[in-house]
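Trainee: The structure's right below; bear with me while I get my questions together.
FYI, it's all coordinate maths here, none of it is from the lab. Treat the numbers as computed from the prediction; the structure is a model and nothing was measured. Because the Cβ atoms are built from the backbone with ideal geometry, glycine has one as well, and the counts that use them run over all protein chains shown.
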Ligand SMILES: Nc1ncnc2c1ncn2[C@@H]1O[C@H](COP(=O)(O)OP(=O)(O)OP(=O)(O)O)[C@@H](O)[C@H]1O
């Protein structure tokens, strides 16, 4: 029953608190009545930790105080609040008052399913918390943040029908909260904002404080951005640049000067929103809506024009839903798919942000959905973000509630880096000043490092951040500045310091390298000098030789005596020895060693420095970090693979989303995705197992053949023995016959003949005994053969059973494989085709094997029967 583009009816159902006559509406249950009673100061009775109340149905529940922490946003940039809505009619008719949650304190809640899980958040708002109370706790501080120049964002998350629109928009028909108790967060925020603006303007009149507020309202429907303030503009594009950051191109911006203006825009935009009836919600938002207001202020102080700005995003997300429960079909189903997909990306972004804040380096897939791309700054960026996770307490929504609680739990760990967006002067001037001051800062730090005096006077500088008009003035360590800018400044300072330390380290390295080079040059010069010395030595020796020759000539001509010559010779030899000795000392090899020694000394010195300066520890740390990164990458891969498998098993994406945490990892499943690779790996694994089974089967077949051969041999042997026995028997019978005949012929003759006959009988007896022994041995052998045949038959049977099990295994594998192949078929047709072919081949092969086995078995049986017959 689509209610599309019906502004009046859609708007009515959307922005008004459900009328009591509506059968599907959330009723003013006793709890709601209690909440109203509370607002009317009606008496309640107190429990130890909160307020204990009993409703008309006798159900007792505890109420806990819902109060803001005034210092929360000083130390935090992300706040997570759980809002429990009252049970509605259909839930009560299905599950009565049975609830899946139990609130334990104003911050903790227990999911009472199996196993019980306890969650802690910044705040838990039970069903008694009114719209006004929620605004005071969550909305007012956000207004303060915006006024202080912080980008702020509030988004409502939760399953369909959990109360997101009620929280963010509520009843806006009446205008502002003065008119309706159910008026939601957005109108209340703007009413408060404009009254603050008015007050500020009045109190700072002399500063010429001016405010400009521009608002826009968009929805992301089926991954398309539509302008709710101008529905004729469709499919808008998100852009990103250094100056404006992330923005929607051509989105209509309307200047607003009062809360009434804003509500007018809200009413207009809400009427254009895609709303439809589902089983879970009569007026279910089928899109994510983002209401943005940019608040700019300018004032003058001490001759400087200040410029501050803040972007306020109020987001009403579409609810996650299970097709089963929501009964989505056709267009609704397509919407639900897109909603769940973008919510999955949101979940993944949050999960990765949490990992990143834990020091892991992961890619955050902001661009995987329009929602996350647009909210990039609000998630892990420059923003103070409040997340309201809406849940239903009913047992009917147990799994969805658990899923929302888990999402909220993760979101708690997101770390944003919110800074005041303030600019004290023009960007260019500020940047020039920044460069100048940075230069001064560098020289100052250099001076510090080289022991120079610290120049405190030049310690003031201004930093401007590209991409936002914000800048801040560095006033030195003693300067006074907003504590809210100090975070950013601190991190910038740290970056500069890190860069500087890096530069100094490099400089130091260069100095060390220079020293090493100088040492090498000195050594080379020494070597050159040594060469010169060597040449000198050689020249000297040459001169000695020449002098020696001349002296010998003189001795030959008798000019000098041989004795004088020898003395002279001795003298010169001694000199030469001296020269050679010095040469040996300065020998090339020795020099090389000396140089090496020098280099080693240098290396040693460097290593000592390395250890002393803690460089070794640093490097170890770096190695550890790299190792951790590697492990994380592997973990991530494994996790993706596991999740892809879960996705596979869990069926459709939407059902998965509602049924647990794994749903948050569902990605677009592109062919190059980890899911695909894990499928291929699984296929590969199955293929390998099939191959292994095949080889095992081959081995068994071989064993079977050997067994059969052995059995045949044995049978042959038994047959031989049986034939031998038969022959023996016949020959024995023949011999006995012959003896008998001979005895009959010889009977009438003499006693010697009788003696001779008795001798023959003795021989015969001996022969008979030998034959009996032989027969006994043959029978024994036959019995043994029989035994081993029985054993072999048993073994055969076992092998056959094993083969059967293997075949069954193989069939199972083939089944698995076929399923995997069917799933990857769409992405890889060629692969599927080849898999099918292989499959057919394998099936044939298995059939063949079965056939062979059957034949072998039959053959065995036959042989066995034959043998049995033979034995009997
Ligand atoms: N805290 C609450 N107190 C009273 N009524 C509530 C509360 N929260 C939600 N409701 C009612 O529950 C019904 C569904 O709420 P709502 O439309 O805000 O859900 P939703 O989360 O925005 O759903 P969807 O994602 O389908 O758009 C509405 O009639 C709304 O008035």
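Trainee: If you count, for each residue, the other Cβ atoms within 10 Å and average over each peptide, how do 727-739, 383-395, 803-815, 218-230 line up from highest to lowest?
Mentor: Values: 727-739: 12.0, 383-395: 26.1, 803-815: 14.8, 218-230: 20.9.
With the highest mean Cβ count within 10 Å placed first, the list reads 383-395, 218-230, 803-815, 727-739.
Trainee: Just to be sure I understand the model, the point goes 7 Å from the Cα along the line to the Cβ. What's the resulting residue 609 to residue 257 distance in nm?
Mentor: 7.0
Trainee: Assuming R0 = 41 Å, what is the FRET efficiency of residue 535 and residue 500, from their Cβ-Cβ distance, to the nearest 0.05?
Mentor: Values: r = 52 Å, r/R0 = 1.27.
Between residue 535 and residue 500 the formula returns 0.20.
Trainee: Label 7 Å along Cα→Cβ of residue 845; the range 798-819 residues with amide nitrogen under 13 Å?
Mentor: Hits in the range 798-819 for residue 845 at 13 Å: 810-811, 814.
Trainee: Quickly rank 410-416, 71-77 as a protection proxy: mean count of other C-beta atoms within 10 Å, highest first. Don't skip to the end; give the middle numbers.
Mentor: Numbers: 410-416: 18.6, 71-77: 14.6.
Put in order of decreasing packing, that is 410-416, 71-77.
Trainee: Now for a separate question. According to a simple spin-label model (label point 7 Å from Cα along Cα-to-Cβ), what is the distance in nm between residue 95 and residue 766?
Mentor: Going from the residue 766 label point to the residue 95 one covers 10.6 nm.
Trainee: Can you give the FRET efficiency for residue 547 and residue 517, using 1/(1 + (r/R0)^6), R0 = 56 Å, r = Cβ-Cβ distance, to the nearest 0.05?
Mentor: On the way: r = 45 Å, r/R0 = 0.80.
With R0 = 56 Å, the Cβ-Cβ based efficiency is 0.80.
Trainee: Arrange the peptides 527-537, 88-98 so that the one whose residues have, on average, the most other Cβ atoms within 10 Å appears first.
Mentor: 88-98, 527-537
Trainee: Can I ask one more? For residue 140 and residue 823, what is the calculated FRET efficiency with R₀ set at 45 Å and r taken between the beta-carbons, to the nearest 0.05? The partial results should precede the final answer.
Mentor: Numbers: r = 52 Å, r/R0 = 1.16.
Result of the calculation: an efficiency of 0.30.
Trainee: Using a basic spin-label model with each label point 7 Å from the Cα along Cα→Cβ, how many nm lie between residue 861 and residue 358?
Mentor: Each label point is offset 7 Å from its Cα along the Cβ direction, giving 6.2 nm.
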